[in-house]
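What follows is a short report on a single structure.
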Amino acid sequence: MFTPRATPSSGRRQPSRVAGRKSLSGTPSGLLFSPRRTSLAARSTPTRANHANAESVHYDVQTFGSSLPVKVMEALTMAEADDLISVKVDESGWAWMVCGNLLIIWKICQTVVAKLCVCKELQLAPSEYEYTADLVTISSPGPLETAPVQSISVLTVGAEGRARYWASLAHEGNHAEADLELGDLCNFVVAVRGGSFVVSSCRNHLLRVSTDPSGRLGFRALQQGQGVLSGIGRRVSSLFGMLAPPPNDTLHSVLWASEAGCLYSLTSSKVCRWEVGDSSEQQTLSWESRCSLDENIADAIWGSESNYEEMKEGVNVSYLDMKLSPSGLVVLAAAWHSQDIPCIAYFCLATLQDVGASVSDHVVVEVTKHTTPFQSEEALRTTRLVVPNPGATAFLYTQELVFACSTGTVRGGPPDERISFSAPGDGLRGGGCCGNLPIFFSQTNGLVAVVARQAVSILPETMEDSLCSSMAAAPEMSMETPNRTEAVAHEDKTKMLKDAFLRFCRSDLIGSQVLVDELFPAEGAGEGEEGAELDEVVTRIDLDLVDDYPASDPRWAESVPEESGGFPLTSLIILHQLEDKMKAHTCFMDFLLQVGLLQRLGQVTLRGGPMATRLLLCEHAEKLQAAMVLKTQHGKHGELVNAAVSGALRKNGAAVPPSLTPADVFFREVSQISLVFECLLEEEERRLKENPVASVQWAETVLTVNNILKDMLQAAGQYRETKASMYRVSDVDSEPEYIPWTASGGVREVITRQHEVVLRSVYPQADSELRGALCEQLVGLLDLYLGGYVAQLASLQLRTGGRPAAAQQERYNALELEYGQRRSELIAPLLDLGQYQWVAALSEKFCDFDMLVQMCEQTDNQSRLQHYMTKFSDQNFADFVFRWYMEKGKRGKLLSQPSAHHPQLASFLQSHQHLSWLHHIHVHDYQSAHETLSSQATGETRYFSKKKTLLALSKLTALASDMDQTQLSRHLEDIVEQERFLLHQETLPEQLLEDKNLDRQTMPLLTPHGLITLYISEDNRISNEDDFKKALDLLEYINEEEAVDIETLKREIFARALKKDDWCSWEGSDDPLEPARDSVFVKILLKLIQEGVSLQAYLPDVKELLDSEQLAAFNSKPYFEYVLRVNYEHYLQSQI
């Protein structure tokens, strides 16, 4: 325990400010450090000098980046002595400075040519209060590290709430303004998701600010209390400590965790968390910190005092700042006892672990050696906090000093140290993190980095020494400009890149960068053999890390190869060895990013195909996570895991030395961890055969294997998702298709086999409780199985892999088809077993619409089906349902959809007009029904009865519609005309239809020419004048498209009518007109005269009629010609 210590007080001239926050986005690569060392100039304008501090033992202060932009230098030069200058450094590599009403935003240059860097000057809105850098933030749709200046937006808010927004940093003159209703003074502005922002006030009022499409600012209060207890009354909520914060609750920090998508706030009484989406947010944590945290802090400082119980009543704690580290939320607090003389303020770091629903009871409190005489809470709040990754060291800073200390969450690290910036004219104006380094803005030196000296490495313990020994064979390389006249051997390059990595771990960033540039110069980066060699060397080193030997374990003494990777582990406990390997891998990834190699990595060949090198590095870490899970299960199910591990070693041909166990050997080679999956199934199948069904071991074996498989694969997948930014690069267009190792053929086959074992062998024998557990585990495995396909398909959408677009699309289509088939094959058995909740869970997540529809039909749950139509409306779920009903012949259900889906149904039925008219009638849209039926009838050319029905329905809907009378009459006339034509086919003689094997209900729709042919054919044995008159009437329905000569056809009709009677039998009659009166021909003439038809114009020429082919037999009979001409003359004269 610490006892009170007196230290000199440092004067503070700067007004009190509440603490700020830093962004958690990725870090830029290849940041430039200046090694120049010159004396400091006693003036306000920064000089780019190294900060030499005689008292600094364990840290160096180095200038960071290139020279400051000219605009920044000018602003500092023109500033008055009492002007408040405030600076913020973002992890993305951007920084901004507020000086009066002037805001300057610039990108920290990674080149010595400062004038090439982006720097913009903006004018802040007028305010009665001074602006600080905490009232400014920037945002972009993509990562800020690589975002072009055009895509970066800026929001500033004055203390009174006057907001000014620039949609593009490239257009300084274009901005929008709005007055935000905060209720009191604004203290923080942070950028969150969806291009929106959160603005807070000192009294803990938070607003979500966003822009509409026109660029205008809008705001609303941040949603509060949206967790499981939302909506309960004030009286009940008091039972849970959920009453509104006290009116004097002060907000000390607002923190945006971009990777997790969470917003944290620290007030005087609680820590809150929101899960933030693009347009909404939900409060998921409200932890009362005052009692628990204050007690932990008081106990850490004064707990060893004999009268502690009496003393703690007088302890005061003030929260100052909060930052996020890999270990959790780090809260900076100051504590003092009002009765102490002198009254000393102790600065503490409390690390809180966010465990989801609450904060872990385990709070790590580190009491730093930084103390000040207590003056006031306002004076304490000038102390700010910076916690760079990996979170082992924290940096407290004020205007006069930086205090480096441990967070207390990890072992080792440099001792606490105070670094002064109190020289005349100097002082710190702000800070932040960049490149995982603490960066501060010095009045006389500009941006400076506080870097641990080389003696301390971030690698786990003695891994440092063994790494040094592995460098012994590496050739010397000059740190000056290299002379690359001789090629460096591949093996030597591997050793020298390890050397560069070691320098990086010792915080010798300059030496590390120079060595990397010498080994792999940037010119021609990633091209040809040079690029392939880089990929191979990086992969080899990372594989050495994850497959390293625990050389410090004496049992391994004779088993470690002489040419080992050079990263031996210190721990004797396997789980700790795996954790150290993960730490080393994380350091290696940070090294690749910082020296600019990560972006240059290409691809390697793995499992018979190409794979992006960066994703292979991620795979190594995923396997480490899976190995940690397996080792944890090993402690619980030793016999089962040992059997599987032994089987995996046999398959791999790995020998187990007498001094070691199979687990020692297996967990050493992490890259081969997936071999255990198949061996687990083999051991499971063996036990199922050996143990009786009723035994406890029989069911427990399957449950255990399911858990091991699921937990290992889930751990790998969670790492892939949560650490995606660590392996992300800006350009993935040229990368090949990505097949995660958890989705490789071997793992998919294992899950498929387990699926069959569970459902075919175990499920039928299990009781209801065991069945529930089995299904839950199986669904977890299927979720991982199908998720692998989703990742694979997503990679094909993003990348071309160098193949032509057609081949890429063909591969995508084939994989999508395979995915759909496998998805249905795996989910369908659960549907057959009635496991509807699991079918719904999988089908909803992976969009198996067929399973969802089948489930809703089997359970007759139409409300759920309607819910899916709404939920998946953007994926056309409704259209899928409509097609499914069509294919299954369930047209009644198709046409009985709720009114909410009528527009979608109408759109779907546009391509199914044979049903759309029914929908129109259902919704009383009779005019649309008429138009659809009319169109259907016009287009119907195959079936007579169908056309007749469609015309009848069309007429009925027209009569029921609200068309005006004129329009209605026109439509009805058209229908009647078509029905008149159909009447000719409907009245065909029964004898003729029987002879032609035609049925009135099924006969095809005949053309006018076809009907004429039937009416006048010799097959129509009982034809009379009515049949021939119908044939003549049908002539008007023949259109030009049929290519029929109407006059020729008319002569044929009359000729066949003449042949119906024996004209020559009347020869010798005194009156040739009398016997002809009963002939079919004359009866036709009389019908024509009765209808008012002009025979002169209508009848064919008598000579042409006599010459027709049908009357060729009468050419030799003069009497026939005589009688015909007489009748022609008589009836023609009768109309004169």
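The values are calculated or read from the model by the stated rules, or taken from the named source; none is laboratory data. Quick caveat, the model's predicted, so the values are computed rather than measured. When we count neighbours, we look across all protein chains shown, and the Cβ atoms used for this are built from the backbone with ideal geometry, even at glycine. Heavy atoms of the whole protein, side chains included, go into the accessibility calculation; ligands, DNA and RNA do not. Shrake-Rupley method; radii C 1.70, N 1.55, O 1.52, S 1.80 Å.
Taking square-rooted eigenvalues a ≥ b ≥ c of the alpha carbon gyration tensor, is the stretch 1031-1136 rounded, prolate or oblate, where a/c under 1.5 means rounded and, failing that, a/b exceeding b/c means prolate? Mind dumping the intermediate values first?
Working: a/c = 2.17, a/b = 1.42, b/c = 1.53.
The shape class here is oblate.
Using 0.36 nm per residue of separation minus the Cα-Cα distance, give me the extension gain between Asp767 and Asp1062 in nm, one decimal.
Working: separation 295, 0.36 × 295 = 106.20 nm, distance 9.55 nm.
So the extension gain works out to 96.6 nm.
As an exercise, use a Förster radius of 56 Å and the Cβ-Cβ distance of Glu309 and Gln837 to find the FRET efficiency, rounded to the nearest 0.05. If you can, show how the numbers build up before the last one.
On the way: r = 53 Å, r/R0 = 0.95.
With R0 = 56 Å, the Cβ-Cβ based efficiency is 0.60.
Give a residue-ordered list of calculated ³J(HN,Hα) values for the stretch 986-998 (Karplus: 6.51 cos²θ - 1.76 cosθ + 1.60, θ = phi - 60°; whole Hz; x for Gly, Pro).
Computed from phi, the couplings for the stretch 986-998 are 5, 9, 4, x, 4, 4, 5, 5, 5, 5, 8, 6, 10 Hz.
Using each residue's phi in the stretch 712-726, evaluate 6.51 cos²θ - 1.76 cosθ + 1.60 at θ = phi - 60° and report the 3J(HN,Hα) Karplus result to the nearest Hz, with x for Gly and Pro.
Whole-Hz 3J(HN,Hα) from phi for the stretch 712-726: 5, 5, 5, 4, 5, x, 5, 4, 4, 6, 6, 9, 4, 5, 5.
Which of the peptides 610-616, 131-137 is most tightly packed, and how do the rest follow, judged by the mean count of other Cβ atoms within 10 Å per residue?
131-137, 610-616
Find the eigenvalues of the gyration tensor of the Cα atoms of the stretch 997-1085, then list the square roots of 5 times those eigenvalues as equivalent ellipsoid semi-axes, largest first, in whole angstrom. Walk me through the numbers on the way to the answer.
Numbers: eigenvalues 171, 49, 18 Å².
Semi-axes, largest first: 29, 16, 10 Å.
What figure, in Å² to the nearest 10, do you get for the accessible area of Val656 with a 1.4 Å probe and non-protein molecules left out?
60
Sticking with the crude label model, points 7 Å out along Cα→Cβ, report the distance from Gln1096 to Glu639 in nm, one decimal please.
For Gln1096 paired with Glu639, the spin-label model returns 12.0 nm.
Go ahead and collect, in residue order, the members of the stretch 280-314 whose backbone nitrogen is under 14 Å from a label point 7 Å along the Cα-Cβ direction of Ala357.
284-286
In whole Hz, what ³J(HN,Hα) sequence does the stretch 327-333 give by Karplus (6.51, -1.76, 1.60; θ = phi - 60°), x for Gly and Pro?
Rounded to whole hertz, the list is 8, x, 7, 9, 9, 8, 9.
Under 18 Å from the Cα of Lys947, which lysines turn up, not counting those fewer than eight places away in the same chain?
Lys955
Which order do the peptides 178-190, 392-404 take when ranked by the mean count of other beta-carbon atoms within 10 Å per residue, highest first? Before the final figure, lay out each step's value.
Details: 178-190: 18.9, 392-404: 22.1.
So the order, starting with the most tightly packed, is 392-404, 178-190.
Compute log10 of I(q)/I(0) for the stretch 744-864 with the Debye formula, placing one identical point scatterer on every Cα and leaving out solvent, at q = 0.11, 0.21 Å⁻¹, to two decimals.
Taken in order of the listed q values, log10 I(q)/I(0) reads -0.43, -1.19.
Pull up all non-local amide H partners of Ala159: gap of 5 or more, or a different chain, and H-to-H distance under 5 Å with H placed in the peptide plane.
Tyr129
Based on the Cβ-Cβ distance from Glu1036 to Arg970, what FRET efficiency comes out when R0 is 25 Å, to the nearest 0.05?
On the way: r = 20 Å, r/R0 = 0.78.
The formula returns an efficiency of 0.80 here.
Whose amide H sits under 5 Å from the amide H of Cys434, counting only residues 5 or more places off or on another chain, with H placed in the peptide plane?
Hits under the 5 Å cutoff: Ile439.
Using 0.36 nm times the number of residues separating Thr722 and Glu536, minus their current alpha carbon distance, what extension gain do you get? Intermediate results must be reported in sequence, preceding the final value.
On the way: separation 186, 0.36 × 186 = 66.96 nm, distance 2.60 nm.
The span from Thr722 to Glu536 would gain 64.4 nm if fully extended.
Pulled fully out, how much extra length does the chain show between Lys946 and Asn1115, if you take 0.36 nm times their separation in residues and subtract their Cα-Cα distance? Walk me through the intermediate numbers first.
Details: separation 169, 0.36 × 169 = 60.84 nm, distance 4.66 nm.
Gain on stretching Lys946 to Asn1115: 56.2 nm.
Quick one: grab the alpha carbon gyration tensor of the stretch 372-422, order the square roots of its eigenvalues as a ≥ b ≥ c, and give me rounded if a/c is under 1.5, else prolate or oblate depending on whether a/b is larger than b/c. Each step should come with its number before you reach the end.
Values: a/c = 2.23, a/b = 1.87, b/c = 1.20.
It comes out prolate by the Cα gyration axes.
Taking each pair of different alpha-carbon atoms in the stretch 147-225 once, compute 1/r for the pair, average those values, and report the inverse of that mean as the Kirkwood hydrodynamic radius in Å to one decimal. Walk me through the numbers before you get to the answer.
Numbers: mean 1/r = 0.0780 Å⁻¹.
Final number for the Kirkwood radius of the stretch 147-225 is 12.8 Å.
If you average 1/r over every pair of different alpha-carbon atoms in the stretch 625-698 and take one over that average, what Kirkwood value in Å do you get? Kindly include the intermediate steps, with their values, before the conclusion.
Values: mean 1/r = 0.0773 Å⁻¹.
Every distinct Cα pair counted, the radius reaches 12.9 Å.
Work out, in µm²/s and without decimals, the Stokes-Einstein translational diffusion coefficient of the stretch 650-735 at 20 °C, 1.002 mPa s, Rh from Kirkwood over C-alpha pairs. Write out the running numbers ahead of the final one.
On the way: Rh = 16.2 Å.
After rounding, the answer is 132 µm²/s.
Quick one: which of 425-438, 206-219 comes out on top by average Cβ neighbours within 10 Å, and what's the full order, highest first?
Numbers: 425-438: 22.1, 206-219: 15.6.
Result, highest mean Cβ count within 10 Å first: 425-438, 206-219.
Amide H of Ala345: which non-local residues (sequence gap of 5 or more, or other chain) have their own amide H closer than 5 Å, using H built in the peptide plane?
Distant-sequence amide H within range of Ala345: Thr372, Phe374.
Between Ser1069 and Glu756, with labels modelled 7 Å along Cα→Cβ, what's the label distance in nm to one decimal, could you check?
Roughly 9.4 nm, to one decimal.
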